Amino acid sequence: MPSHTKIERGSLAIVGIGPGRREYMTPRALKVIAVADYVIGNASYLDPLEPLLTGKTVIRSSMGKEVERAQQAIDLAKSHAVAIVSGGDAGVYGMAGIVLEVLEHSGADIDVEVIPGVTAANAAASRVGSPLSGDFAVISLSDLLTPLEVIEKRLDAVFSVGIPVVLYNPKSQGRPHNFLLAIEHARKYLGPETPLAVVRNALRDDEEVIITTIAGAEKIQDTVDMHTTVIIGGKESRIWRRGDDVKGIITPRGYQHKYVY
Ligand code: SAH
């Protein structure tokens, strides 16, 4: 796939639009939306883009209709410039995978470009210091497409090596217990003082940030929902304080072993 496909009729852009406010979108994402004839996506992603959508045909689709949305985008992209938008990065629990799978299966000869966006892990981390400075893992607690026992195995694997873990889709009405279930797995390998951050609506106007430890997980569990990203520190992570104020989380990358500062 060419890295910078020419923008023209009969093309498909799969666009990561970042975590929320428009200033966190890339110029490339703004450009392909500006030249698109059709913009397709979930209503919650399209509403904030409204000022960019004048004169375009906008197709709002709902959660759970990803396959239909992918098929429709591919059909339209045979003769139009189509942008299919996805929150955060389109390749991280987003639309890129399913669109490319459907495209591969259809055999259609369409120019495709995947445009990266700031994913929730980076957005949330940026609000709490530098918790993901080195290796880290990302796990989704949604068991819609992955069985819960597989998710639990993955949680054990990543917590056992002591690296920070980012949890996407940490809780919903359909699966209210998955967040505390993940914390139970964390407690098998990590001490109670391990930092825990909950970032709700990162880089959106109604952002909420909580920094606590895994010992405090039960107390803050009501803040955790589908608009939340959870970061559980690793063995090296610590809470960063200034006086009595909690400023964030730092996971040292190892400079302290080589340099004096
Ligand atoms: N493609 C998206 C992720 C989609 S999965 C991305 O790259 O960010 C949906 C999950 O992402 C949510 O349940 C939540 O855990 C997380 N998420 C997405 N946007 C977020 C935001 N602005 N703040 C906090 N979490 C967010």
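For the range 121-253, a crude dipole built from +1 on the beta carbon of Lys and Arg and -1 on the beta carbon of Asp and Glu, taken about the Cα centre, is about 340 debye to the nearest 20. Between Ser44 and His257, how high is the FRET efficiency from 1/(1 + (r/R0)^6) when r is the Cβ-Cβ distance and R₀ = 30 Å? Nearest 0.05. The calculated FRET efficiency here is 0.10. Taking H as built 1.01 Å from N, whose amide H comes closer than 5 Å to the amide H of Gly162, not counting residues under 5 places away? Excluding prolines and chain starts, which carry no amide H, there are no hits.
For the range 223-260 versus the range 79-96, the spacing of their alpha-carbon centroids is 31 Å.
Let's see if you can work this out: charge +1 on each Lys and Arg Cβ, -1 on each Asp and Glu Cβ, no other charges. What is the dipole magnitude of the range 6-69 about its Cα centre, in debye to the nearest 20?
Dipole about the Cα centre, nearest 20: 160 debye.
Scalar couplings 3J(HN,Hα) for the range 188-204, obtained by applying the Karplus form with A = 6.51, B = -1.76, C = 1.60 to θ = phi - 60°, are 5, 10, 10, x, x, 8, 4, x, 9, 10, 10, 10, 9, 6, 3, 6, 10 Hz; x denotes Gly and Pro. Dipole orientation for the chain: of the candidates Ala43, Ser172, Ser160, Ser160 has the Cα lying most toward the positive pole (charges on Cβ; Lys, Arg +1; Asp, Glu -1).
Looking only at Val128, Val35, Val15, which one moves most when the chain is put into a Gaussian network model with springs between Cα atoms under 10 Å? Residue with maximal mean-square fluctuation among Val128, Val35, Val15: Val35.
Rounded to whole numbers, the Karplus 3J(HN,Hα) couplings from phi for the range 90-104 are 5, x, 10, 6, x, 7, 4, x, 5, 5, 5, 4, 5, 5, 4 Hz, using 6.51 cos²θ - 1.76 cosθ + 1.60 with θ = phi - 60°, and x at Gly and Pro.
When the chain is described by a simple charge dipole with +1 on each Lys and Arg Cβ and -1 on each Asp and Glu Cβ, the residue from Val128, Gly254, Ala186 located farthest towards its positive end is Gly254. Dipole check for the chain: with +1 at the C-beta of Lys and Arg, -1 at the C-beta of Asp and Glu, and the Cα centre as origin, the magnitude is about 660 Debye.
Straight-line cross-link partners of Lys56 among the lysines, defined as a Cα under 24 Å from its Cα and at least 8 positions apart when in the same chain: Lys6, Lys31, Lys65, Lys78. Amide H contacts of Ser140: Tyr168, each under 5 Å away and 5 or more positions distant or on a separate chain (H built 1.01 Å from N in the peptide plane; Pro and chain starts excluded).
The calculated 222 nm mean residue ellipticity attributable to helices in the chain amounts to -8000 deg cm²/dmol, summing -39500 (n - 2.57) over DSSP H runs of n ≥ 4 and dividing by all residues.
With a Förster radius of 25 Å, plug the Cβ-Cβ distance of Arg154 and Leu30 into 1/(1 + (r/R0)^6) and report the FRET value to the nearest 0.05. List each step's numbers first, then the result.
Working: r = 35 Å, r/R0 = 1.41.
With a Förster radius of 25 Å, E is 0.10.
For the range 120-261, the relative contact order is 31 percent, taking Cα pairs closer than 8 Å that sit 6 or more residues apart in sequence and dividing their mean separation by the residue count.
Once the convex hull of all Cα atoms in the range 121-253 is built, its volume per residue stands at 102 Å³. Close amide H partners of Thr194, meaning residues 5 or more places away or on another chain with modelled amide H under 5 Å apart, are Ile214, Ala215.
Rule-based calculations on the coordinates, nothing more; no lab input. No experiment lies behind these values; they were computed from the predicted model shown. Please note: Cβ atoms are built from the backbone with ideal geometry, for glycine as well, and neighbour counts cover all protein chains shown.
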